[in-house]
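The values are calculated or read from the model by the stated rules, or taken from the named source; none is laboratory data. Because the structure is predicted, anything quoted here is derived from the model rather than measured. Here Cβ is always computed from backbone atoms with ideal geometry, including for glycine, and neighbour counts include all displayed protein chains.
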Amino acid sequence: MHFNPAYPFELPLLPPTVALDNPFLLRTLVKARTELGELKGYSAAMPDPMLLLSPAIVREAVASSGIENIHTTVESALQQELFPEAERRDADKEVLRYGAAIRWGMDQLPSLPISSRLIVGIQQRLLPDLSTGFRSTPNRIVNSLTGLPVFTPPRAGEIPRLLNNWESFINEPPEELDPLICCAIGHYQFEAIHPFGDGNGRTGRILMVLQLVQADLLAQPTLFISGYINRNRAEYYRLLLAVSEHAEWLPFLLFMITGFQQQARETKDTLFAVMQQVKEFKQQLRTRQVRVHWKWPNSYSRIRWPRRCKWGAKRGFITKQLPATWRNWLPRGCWKTSR
């Protein structure tokens, strides 16, 4: 393939020619599949995956937005979630929209496979204030320091043909390609097509986890790779460009599959720690002979207290009057005394 960063890239169709017999690639792939299988099993053992999933989505949204130089924290985003969107800080607003786009995509998957309609819907939820849809004008990625072009995506007129090919590859992949390899290849191809005027990176990272769910490697979107990409951002962009310039697929595939493995292990360890905390907290409640009915409806676990507790609500926080002896041993943050 001929590559010139100043001219629209003539992107080859999928599937690419990839040497799959590399021993290091195969070993890395086996490790990643093992971690993903264990993560899926741990997720199935949870009383409600939303206990981990909602905070994990916010964490992923913060990391993914950081790649786009949109900086905030998980704590700030969770606090801002309690306010109407018009009152939120711009950075937190972007992060919370990312989480909403992931949830919307997951809701669509049972009836709508990964397709142009799905990716347009995701981008619309990421950037509702802008005109959404596929770009109709040229686009170019430039070096922010030198101003020189780094990559010029294919012409706008090529987008429908390239996306049709991408959809076919994602939904009917070659049998000899492992789903993780297909996911990495599909991610490169989507970013190279660059179908939108804005939001391509965030849309592409959401599509990766949805593809893993569609391939039945995950039951829920509990694996997010943005943290890994953010920690290795320069290498990520270098390897993407190497595929475009020289069709160097192997280093990029190794990088991405290593990311899947590391993030699956990290998420699995977090999930195990959460389950242990729940187990220990329940044991404390049994020891103190307090009757508790567990509910896991939204981002946080809530407790249905005995009738003697008086409830109130303000800005999304649960407020109640508790006996002083209860407050001495309840974990901080699970109660707020009303005045």
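Numbers for the structure displayed
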{"read-out": "When residues of region 220-245 are limited to those that are among the aliphatic types (A, V, I, L, M) and in contact with a Gly (Cβ under 9 Å, 6 or more places away or on another chain), the one nearest to ALA44 (Cα to Cα)", "value": "ILE225"}
{"read-out": "Residue that is surrounded by the fewest Cβ atoms within 10 Å (Cβ to Cβ), among those in region 230-264 that are free of Cβ contacts under 8 Å to residues at least 40 places away in the same chain and not in a helix (DSSP H, G or I)", "value": "GLU248"}
{"read-out": "Selected residue (only one of ASP216, ASP178 is of a type in the set (D, E, K, R) and touching a helix residue (DSSP H, G or I) at 6+ places or on another chain (Cβ under 7 Å))", "value": "ASP178"}
{"read-out": "Neighbours by Cβ (under 9 Å, 6+ apart or cross-chain): first from region 91-110, in the same structural domain as THR222 (by TED's automatic domain parsing) and over 16 Å from ALA219 (Cα atoms); second of a type in the set (Lys, Arg) and not in a helix (DSSP H, G or I)", "value": "LEU96/ARG88"}
{"read-out": "Any hit, region 260-276, residues being touching a helix residue (DSSP H, G or I) at 6+ places or on another chain (Cβ under 8 Å), at pLDDT below 80 and over 22 Å from ARG33 (Cβ atoms)", "value": "yes"}
{"read-out": "Where a residue in region 141-169 is closer than 13 Å to ASN200 by Cβ and assigned by TED's automatic domain parsing to the domain that holds TYR188 and its partner, wherever it lies, is among the hydroxyl-bearing types (Ser, Thr, Tyr) and surrounded by fewer than 18 Cβ atoms within 10 Å (Cβ to Cβ), with Cβ under 8 Å and at least six apart", "value": "LEU163/SER116"}
